[in-house]
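Enquirer: One structure, pasted below without further comment.
The values are calculated or read from the model by the stated rules, or taken from the named source; none is laboratory data. A quick note: this is a predicted structure, and the numbers were derived from the prediction, not measured. Here the Cβ positions follow ideal geometry from the backbone for every residue, glycine too, while neighbour counts run over all protein chains shown.
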Amino acid sequence: MEKFVIQGGAPLSATIPVSGSKNSALPALAACLLTAEPVTLHRIPPVRDIGTMIDLIRYSGAEVHVEGERVTITAASIDKPEAPYEVVKTMRASSLVLGPLVARTGCARVSMPGGCAIGARPINLHVTALQHLGAEIRQDHGYIEAVAPNGLRGGTVHFDRITVTGTEDILMAAVLARGETIIENAAREPEVVDLAHLLTRMGAKIEGAGTSTIRVQGVDKLGGAEHTIIADRIEAGTFLIAGAITRGDVAVTGCVPEHLRALIAKLQQAGVEVTETAPDTLRVRVPGSLRNTDMTTEEHPGFATDLQAQFMALMTQAEGISFITEKIFENRFMHVQELARMGANIRLEGRQAIVAGSTRLTGAQVIASDLRASASLVLAALAADGETEIDRVYHIDRGYDRIEAKLNAAGANIRRVAH
């Protein structure tokens, strides 16, 4: 077990590079199971969740070659079309292989997703959608089993609620289904668009990715391809907030500003100066005091739920009362009690957090409960007086590539300690 020991109080000042998107790389890796030909992916971040997905793909029988941030997968044959619990128990994204496996092999057995405790991510949306494409589904002993011995067939899939992984899963299944598939109320996230770009390079016929309606014309088979993963907008947003909460001068490079418009708008409302100094670079400074700003998480292009905890940490340093409403996950305020240990004044009312600022944060011993909550604790620790110890940092390693090294290069004082 490892922890972070953080000495707070120093403003950050540097250029911080952004890695490839974990949330885009995961479905891209799963998509490699759709073809027998080699697929090469660039800018794959070496984080824990990616390692788990690679282990899963190897388990299926595919060959995986990793060289730095380049990964080449050749799934010439799939011997085990399943995702066993012992491989995927630490990862939420295991359901992403359900669609590709049943589309390619006609059967799939996938363990129910594990990972961090931020609320229900019902796999029933995936299941119902696959049934619309002709799959027979059974749930038993913690596993989802899907069978389509005659292959999948196109159909209309309407999601009752927007689901990113559900959209990605069904998109991958539909590319090998017979006929046309229409996905209604589809997720519009950049990661969905990135997946569609990869699938198109592999020979898929897709229209409407990035809108609420996606049309897919099924093909008999897909081929190999080469693709570069988009920048991680959540990592980029985390670093932008790190610059603001420490009242530093931080440039985040290698990002896509268009993917961050909702965050940029809220930062500017809060008194943060955000400038686009290059097509792939954003700079943040705080020329005056931070102002209270209300925020509600929404599906893209709204404010990302994966940045809610980090923004809440920032609002503890803003003057006045901020109302933060979480509409995506029902249990994503687990960081609140840990922020309170550091001196934050936050009251919870259902899905709304009422943050009173500005409060003096002080170092304390805290525990990370999930991936993004752990990032919020790192940000709070950077702004706090004294030393903070954050336990269970394996959560942050699931989605951030060497976060302590990147922040230390900008002037932070973070030590990773085994205990």
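Enquirer: Would you say residue 131 is in a helix (DSSP H, G or I), more than 27 Å from residue 21 (Cβ to Cβ) and of a type outside the set (Lys, Arg)?
Expert: Spelling it out, residue 131 is indeed in a helix (DSSP H, G or I), more than 27 Å from residue 21 (Cβ to Cβ) and of a type outside the set (Lys, Arg).
Enquirer: Sticking with this structure for a sec: Out of the residues in the stretch 64-123 meeting the condition of being among the charged types (D, E, K, R) and under 19 Å from residue 138 (Cα atoms), tell me which one is modelled with the lowest pLDDT.
Expert: 121
Enquirer: Continuing with the same structure: What strands (runs of 3 or more DSSP E), lying completely within the stretch 331-419, carry at least 3 residues that are out of contact with any Gly (no Cβ under 7 Å at 6 or more places or on another chain) and hydrophobic (A, V, I, L, M, F, W, C)?
Expert: 352-357, 413-418
Enquirer: In this structure, is residue 375 within 17 Å of residue 398 (Cβ to Cβ), crowded, with 19+ Cβ neighbours inside 10 Å and without any contact (Cβ under 8 Å) to a residue 40 or more places away in the chain?
Expert: no
Enquirer: If you scan the stretch 90-107, which residues turn out to be over 17 Å from the mean Cα position of the chain (by Cα) and either part of a loop (DSSP other than H, G, I, E, B) or closer than 22 Å to residue 395 by Cβ (or both)?
Expert: Answer for the stretch 90-107, where residues must be over 17 Å from the mean Cα position of the chain (by Cα) and either part of a loop (DSSP other than H, G, I, E, B) or closer than 22 Å to residue 395 by Cβ (or both): just 106.
Enquirer: If you go through the stretch 299-314 one residue at a time, do you hit one that is over 16 Å from residue 383 (Cβ atoms), assigned by TED's automatic domain parsing to the domain that holds residue 267 and more than 18 Å from the chain's Cα centre (by Cα)?
Expert: no
Enquirer: Answer with yes or no whether residue 168 is closer than 21 Å to residue 214 by Cα and assigned by TED's automatic domain parsing to the domain that holds residue 40.
Expert: Yes: the conditions hold for residue 168.
Enquirer: Determine if the stretch 294-301 includes at least one residue that is surrounded by fewer than 19 Cβ atoms within 10 Å (Cβ to Cβ), free of Cβ contacts under 8 Å to residues at least 12 places away in the same chain, out of contact with any strand residue (DSSP E or B) (no Cβ under 7 Å at 6 or more places or on another chain) and more than 22 Å from residue 360 (Cα to Cα).
Expert: No, the stretch 294-301 has no match at all.
Enquirer: If I filter the stretch 13-62 down to residues being in contact (Cβ under 8 Å) with a residue 12 or more places away in the chain and basic (Lys, Arg), which single residue comes out as surrounded by the fewest Cβ atoms within 10 Å (Cβ to Cβ)?
Expert: Among residues in the stretch 13-62 that are in contact (Cβ under 8 Å) with a residue 12 or more places away in the chain and basic (Lys, Arg), the one surrounded by the fewest Cβ atoms within 10 Å (Cβ to Cβ) is 48.
Enquirer: While we're on this one: If you check every pair at least six apart or on different chains, which have Cβ atoms under 9 Å apart with a residue in the stretch 126-155 that is among the aromatic types (Phe, Trp, Tyr) first and a residue that is buried (at least 17 other Cβ atoms within 10 Å of the Cβ) second?
Expert: 143/82; 143/83; 143/109; 143/110; 143/111
Enquirer: A follow-up question, please. Select from the stretch 72-84 the residues that are in contact with a helix residue (DSSP H, G or I) (Cβ under 7 Å, 6 or more places away or on another chain) and in a strand (DSSP E or B) and write down the one among them that is nearest to residue 144 (Cα to Cα).
Expert: For the stretch 72-84, the residue satisfying everything is 83.
Enquirer: Scan the stretch 138-182 for residues that are among the β-branched types (Val, Ile, Thr), assigned to a strand (DSSP E or B) and farther than 23 Å from residue 35 by Cα and report the count.
Expert: Number of matching residues: 2.
Enquirer: Now a separate question. Residues in the stretch 135-149: is at least one at pLDDT 90 or above, among the polar types (S, T, N, Q) and in contact with a strand residue (DSSP E or B) (Cβ under 8 Å, 6 or more places away or on another chain)?
Expert: Checking the stretch 135-149: not a single residue is at pLDDT 90 or above, among the polar types (S, T, N, Q) and in contact with a strand residue (DSSP E or B) (Cβ under 8 Å, 6 or more places away or on another chain).
Enquirer: Tally up the residues in the stretch 183-226 that are in a helix (DSSP H, G or I) and farther than 15 Å from residue 299 by Cα, please.
Expert: Qualifying residue count for the region: 8.
Enquirer: Here's another thing I want to ask about it. Just checking, does the stretch 180-203 include any residue being without any contact (Cβ under 8 Å) to a residue 40 or more places away in the chain, among the hydroxyl-bearing types (Ser, Thr, Tyr) and out of contact with any Pro (no Cβ under 6 Å at 6 or more places or on another chain)?
Expert: Within the stretch 180-203 (the criterion being without any contact (Cβ under 8 Å) to a residue 40 or more places away in the chain, among the hydroxyl-bearing types (Ser, Thr, Tyr) and out of contact with any Pro (no Cβ under 6 Å at 6 or more places or on another chain)), the answer is yes, since at least one residue qualifies.
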